[in-house]
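Working notes for the structure below.
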Amino acid sequence: MAVTDSGPPAGATVRGRLRPHVFYGWWIIAAGGGLQFLQSALLGQAYGAYVVLLRDEFGWSKTMLSAASSLREAESGIMGPLQGWLLDRMGPRAVARVGVMILGAGFVLFSRVNSPLTFYLAFFTISIGGSLAGYLTITFAAVHWFERRRATAISLTSAGFALGGMAIPVVVLVLDAVGWRTTALLSGVLVVVAGLPLTQVLRHHPHEHGLELDGGPAAAPAEPGKRPLPSLTATGPDFTLGEALRAPSFWWISLGHASALFTVSAMGVHLVSHLKQSQGYSLGQASTIVFLMTFVFLIGTLSGGPVGDRTSKRGLVVTCMGMHAVGLVLLSHATNLWMVLAFVLIHGLAWGWRGPQMAALRADYFGRTAYGKIMGVSNMIIILGTISGPLIAGFVYDQTGSYRVGFDILAGIAAAGSIFFILARKPSPPARTVARTMEAVLP
């Protein structure tokens, strides 16, 4: 029997009661955004600053420091199918709760690092916790509570990631004031103290609490211990994992998503180093530029969700991949501040507009019933980008003393991503659905 999140959430509508003014799904989105904020502020966007300090203290190479970030992303992809199965089976609240505890422990271990082995062990622990309490779990919850406003909902959770990036100057001040070890220890405490209450807000299906997608008319609550069948969606029939894997669009979307993350993951690890060591900016100035980029990302995220709900998500993503390519070339060959700021504007908008569309596109194409499993398997392909992007940039720097060639390679990969998404057309309904429809129509 499947395990479900039991009990109606605070303020939820059940039959016979007044409907709340705010659909509970939006509280789930706010909690998801909060979890994204914590991870982004304390590590995701801040790791670039840690790279500079760790290199100064231990003398480790850029390749080695990049490998830690790649390890974190690799673990996320490898455990993706298991995490997807757990989400479909147990719901997002239980999975996120365990993740927050592991993530907090990982930060504590990070504060005690004294060798490459302990460094990688700490990041392995952080990666497990970050995955379970991170993007896949939060997006899973958003997909199951929204349909007409799906891209908007996902974009609002991503806003938490953007706000976390904008907190980098504060994190840098703390790093300068108390050192990276104390900062990591305090981060572990904050993750647990703030993260656990946020996980309590997450729920699996609105139907289990007498609610409908997007806050529509109330439905009868599910019987205890039983999960209701999902309602028919406006986007089409739900695919099983096997049916999705047989659809070419599954692979094109996954490859396109991976190509996007070549760029994003490399910037998360190397942008601060590039600005400081190649462009001559101070650590504080570099963090300010990252702040500006993340602010543009926030604008793109907030505007991209509604745009994606009203226009072609695929067309928007194709455009954004081209923007990533242009932005990286500008950064790679920058000779003045204006070229750097042009990168900030182009890359930040592309990042914000693109992000919510890819998760929403999968739900539009393949439905919600097996979404966790489908995203979990897709993550195994996506990790090609998250692992390789930082490694390519770091390896090229170690060999040449410059990021230029590495960033140019990543720009070419981003341009290829546009082609992948052009090929990712919406699949035909599964054969079983067509057969069932014919049986219903024919006498």
To the nearest 20 Debye, how big is the dipole of the chain about its Cα centre, given +1 on the beta carbon of each Lys and Arg and -1 on that of each Asp and Glu?
680
Which residues qualify? For residue 368, with a placed amide H closer than 5 Å and at least 5 residues away or on another chain, they are none
Integer Hz, Karplus 6.51/-1.76/1.60 couplings in order for the range 261-278, x for Gly and Pro:
7, 3, 6, 5, 5, 5, 5, x, 8, 10, 4, 4, 4, 4, 5, 7, 8, 9
Which residue, 331, 82, 136, has the most motion in a Gaussian network model of the chain that connects Cα atoms within less than 10 Å?
82
With the 8 Å Cα cutoff and a minimum separation of six or more residues, the chain has a relative contact order in percent of 27
Between the modelled labels at residue 186 and residue 419 (7 Å from Cα along Cα→Cβ) the distance in nm is 4.9
Shape category assigned to the range 259-325 from the gyration tensor of Cα positions, a/c cut at 1.5:
prolate
Given the options 363, 105, 325, state which has the largest fluctuation in a GNM of the chain using a 10 Å cut-off (strictly under) for Cα springs.
105
Two pseudo-spin positions, 7 Å from Cα along C-beta at residue 85 and at residue 240, lie apart in nanometres by 1.6
What FRET efficiency comes out for the pair residue 58/residue 120, r = Cβ-Cβ distance, R0 = 22 Å, nearest 0.05?
0.95
Across all Cα atoms of the range 296-430, Rg and the largest Cα-Cα distance (Dmax), in Å, are 16.4, 53
Theoretical FRET efficiency, 1/(1+(r/R0)^6), r = Cβ-Cβ of residue 399 and residue 196, R0 41 Å, to 0.05:
0.40
Note the full-extension length gain between residue 148 and residue 336 as 0.36 nm times their separation in residues minus their Cα-Cα distance, in nm to one decimal.
63.3 nm
Using only the alpha-carbon atoms, what does the chain span along each of its principal axes? Please give whole angstrom values in decreasing order.
73, 44, 37
Among 259, 312, 273, determine the one that fluctuates most according to a GNM of the chain built with springs between C-alpha atoms less than 10 Å apart.
312
If you plug each phi of the range 189-197 into the Karplus form 6.51 cos²θ - 1.76 cosθ + 1.60 with θ = phi - 60°, what whole-Hz ³J(HN,Hα) values come out, in order, with x for Gly and Pro?
5, 5, 4, 6, 5, 8, x, 4, x
Take the alpha carbon atoms of the range 58-170, find their radius of gyration, then divide it by 2.2 N^0.38 Å using N residues; give the quotient.
1.19
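Readers should treat all values here as calculations from the given coordinates under stated rules, not as data from a laboratory. Quick caveat: nothing in here was measured; it's all calculated off a predicted structure. Glycine gets a Cβ as well: all are built from the backbone with ideal geometry, and neighbour counts include every protein chain shown.
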